[in-house]
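Q: Here's a structure for you.
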Amino acid sequence: MPLYEHVFLARQDVSTQQVEGLQETFRSLIEENGGSVAKTEYWGLKSLAYRVKKNRKAHYTLMNIDAPHAAVAEMERQMGLSTDVIRFMTIRVDGHEDGPSAMMRRSDRDERDGRRGPRRDRDHDRGDRGDRGDRSPREASPERSAPPEANNEDASQ
């Protein structure tokens, strides 16, 4: 049977228990149609890049599915009818990953390091400018700092 990775987004105002209920509903639908769900991961309530059906956040869930196409098509049809599911995407893959998905590994790394993302050094952002970066442009060029004498003579007369 073909292998699929399926991600669906549930509305922000449903509870975590309701999202788990949706997972079980779709799992049973797949199993009734001759397939199986190898792994289910709840990624949590995350911000969306843009508003989707008046939602700024959504509950993300990943399902690794081993099922015939008809079972996946029926699950997608049911998701399209559900008011709690705002988006979904199914991708056919050659094989499922062993262990946690990339989203789960990233959150584990952030918790372990105690920070989110790489730390940026202030001097690194400036680049290697040597001692020129510390002076203003007027100090760097002496001909600009000295006023021309011709203009001073005209102003005094």
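Q: In Å³ and rounded to a whole number, note down the convex hull volume per residue for the Cα atoms of the range 1-44.
A: Working: hull volume 3.2 nm³, N = 44.
Output value, Cα hull per residue: 72 Å³.
Q: Also, I was wondering about something else. Suppose each label sits 7 Å from its Cα in the direction of the beta carbon; what would the LEU3-SER15 distance come out to in nanometres?
A: 3.6 nm
Q: Go through 4-17, 59-72, 34-47 and give me the packing order, highest mean Cβ count within 10 Å leading. Intermediate values should be presented prior to the final figure.
A: Numbers: 4-17: 17.6, 59-72: 19.1, 34-47: 14.8.
So the peptides 4-17, 59-72, 34-47, ranked by packing, come out 59-72, 4-17, 34-47.
Q: For the range 3-94, what relative contact order do you get, as a whole percent, if you take Cα pairs closer than 8 Å and at least 6 residues apart? Walk me through the numbers on the way to the answer.
A: Details: 158 pairs, mean separation 43.6, N = 92.
Result for the range 3-94 is 47 percent.
Q: With 10 Å bins from zero, work out the P(r) of the range 3-94 over every alpha carbon pair and list the percent per bin.
A: Reading the bins upward from 0: 17, 53, 26, 4.
Q: HIS69 to ARG51: extension gain in nm, 0.36 nm per residue of separation minus the Cα-Cα distance? Please report the intermediate quantities before stating the final value.
A: On the way: separation 18, 0.36 × 18 = 6.48 nm, distance 3.05 nm.
So the extension gain works out to 3.4 nm.
Q: Also, I was wondering about something else. To the nearest 0.05, how large is the calculated FRET efficiency for ASN33 and ARG105 if R₀ is 22 Å and r is the Cβ-Cβ distance?
A: Working: r = 31 Å, r/R0 = 1.41.
Computed FRET efficiency for ASN33 and ARG105 comes out at 0.10.
Values quoted throughout were computed directly from the atomic coordinates according to the rules given, and no laboratory measurement underlies them. These numbers come from a predicted model, not from an experiment. Positions of Cβ are backbone-derived with ideal geometry, glycine not excepted, and every protein chain shown enters the neighbour counts.
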